[in-house]
Amino acid sequence: MRKAGQRLLALALLWPALLVPSQAPARELLAVGAQFEHVFEYQDGGEYGGLGAELLRLMAARTGNTVRFRMVPWARAQAMLVQGQADILIGPYKTPERIASMGFSDKPFYQDQMLFYTRQDASFGWDGDYSVLKSRRVVVLNGWAYGADWERVRPGLQVSVANNVENGLKMLVHNHVDVFVSNRRNTDPVIARLGYARQVKPLPKVIEVQNGYFAFPRSPTFDKLRLQFDQELNKLIETGELKRLGKRYDVGVP
């Protein structure tokens with residue numbers, strides 16, 4: 001009888017635990033990025049929008065987490081992730097250097113065309129031969145990746161660095177540079193906003209097509225989170241939800 005009573009007491013003590021499923025505690029994740037048109041944007045009402053922000057809210061909710069956002073210059077956003085000061089980086093392209101220091105999502109969530117922009121009255125054209133750039137002043141964006149071919153030829157060029165798309169376009173319009181290297185998604189809306197459509201043109205030949213990802217700190221402690229988000233992103237791809245959201249935000253999807 002004493003043993004039976006002890007068993008009943010043990011079951012009574014365990015009963016509340018049996019009613020509550022084992023679950024990892026929810027986390028508030030910090031996602032960082034820079035102003036990326038249609039992907040990560042700071043809106044007038046003080047909220048963050050864009051395809052990347054919406055996807056992260058969806059995936060955080062489905063994995064039992066919450067997410068808050070912070071917008072900083074792009075080079076700083078990358079440094080924050082690498083140094084463990086942020087949980088997620090929104091939108092990086094893959095490069096060998098980044099792969100060594102960041103854990104990328106399994107699949108990309110958007111796609112960009114990299115282009116050369118020049119003044120409307122410029123005689124400069126590009127057919128894939130980078131040697132035509134050697135006598136021209138070029139501006140690129142701080143912390144951006146432009147593809148392996150570009151990185152190979154860059155050391156022999158006259159390259160300036162701008163901190164954002166608006167500054168790069170202004171340098172071009174005011175004749176401080178001859179060529180601005182950027183992507184269509186980020187640049188065309190800014191051209192329209194600044195009223196530069198009659199002064200600036202993209203060259204038709206695409207330099208490179210780049211895929212944009214989510215990235216996580218390259219640490220084993222983030223492996224579970226990254227895999228959970230991979231599963232949710234795969235579901236969004238398989239159901240066609242990513243494609244629908246891409247159309248809504250006017251963002252190219254791989």
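At a glance:
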| item | result |
| --- | --- |
| Strands (runs of 3 or more DSSP E) fully within the range 48-126 counting 1 or more residues that are open to solvent by less than 20 Å² (accessible area, probe 1.4 Å) | 88-90, 102-104, 110-119 |
| Total residues in the range 127-167, condition open to solvent by 50 Å² or more (accessible area, probe 1.4 Å), assigned to a loop (DSSP other than H, G, I, E, B) and within 19 Å of Pro204 (Cα to Cα) | 3 |
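Okay, residues lined up against (1) out of contact with any helix residue (DSSP H, G or I) (no Cβ under 6 Å at 6 or more places or on another chain); (2) of a type in the set (Ser, Thr, Tyr); (3) modelled with pLDDT of 95 or more:
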| residue | (1), (2), (3) |
| --- | --- |
| Gly45 | yes, no, no |
| Gly52 | yes, no, yes |
| Leu56 | yes, no, yes |
| Gly64 | yes, no, no |
| Pro73 | yes, no, no |
| Ala79 | yes, no, yes |
| Gln85 | yes, no, yes |
| Gly91 | no, no, yes |
| Thr95 | yes, yes, no |
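Matching residues to (1) among the β-branched types (Val, Ile, Thr); (2) touching a residue at least 60 places away in the same chain (Cβ under 8 Å):
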| position | (1), (2) |
| --- | --- |
| Ile99 | yes, no |
| Phe104 | no, yes |
| Ser123 | no, no |
| Val139 | yes, no |
| Ala145 | no, yes |
| Ala162 | no, no |
| His174 | no, no |
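The values are calculated or read from the model by the stated rules, or taken from the named source; none is laboratory data. All figures in this text were calculated on a predicted structure; none of them were measured in a lab. Cβ sites come from the backbone with ideal geometry, for glycine too, and all protein chains shown count toward neighbours. Quick note on the areas: whole protein, heavy atoms, side chains included, nothing else; ligands and nucleic acids left out. Shrake-Rupley method; radii C 1.70, N 1.55, O 1.52, S 1.80 Å.
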